[in-house]
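*Asks:* Just passing along the structure, written as structure tokens.
Each reported figure results from applying straightforward, stated rules to the coordinates on display, with no laboratory input. All values reported here derive from a predicted model rather than from experimental measurement. Here the Cβ positions follow ideal geometry from the backbone for every residue, glycine too, while neighbour counts run over all protein chains shown.
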Amino acid sequence: MSVDEALSLPVSIDLVTAGRAFGMQRTKSYELARAGEFPVPLLRIGNAYRVRRCDLLEALGIGGTPNQLTNGGAAA
């Protein structure tokens with residue numbers, strides 16, 4: 001997944017998409033989630049696992065809010 005793709009993700013991401021950002025297959029993503037070892041905090045909504053985009057970006061070293069990324073760190 002490219003930086004542009006990561007930045008364009010919605011605020012809440014499904015587990016498989018988040019795992020893909022780390023180079024994981026679907027099975028490995030669910031395996032780590034069940035074991036409590038997924039690389040970012042997970043939200044459990046019903047039967048689904050979700051990941052917050054901000055947590056994913058931080059773990060990937062992309063960090064910053066969209067405003068900070070486009071304005072060179074200047075607050076709006």
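*Asks:* If you build the convex hull over the alpha carbons only and average its shadow over all orientations, what do you get for segment 3-68? Give it in nm² to one decimal. Before the final figure, lay out the partial values.
*Replies:* On the way: hull surface 17.1 nm².
Mean shadow area of the hull around the Cα atoms is 4.3 nm².
*Asks:* Further question: Around residue 19, under 11 Å between beta carbons, what's the net of Lys plus Arg minus Asp minus Glu among the other residues?
*Replies:* Numbers: positive: 20, 26, 28; negative: 14, 31.
Within the 11 Å Cβ shell, the charges total +1.
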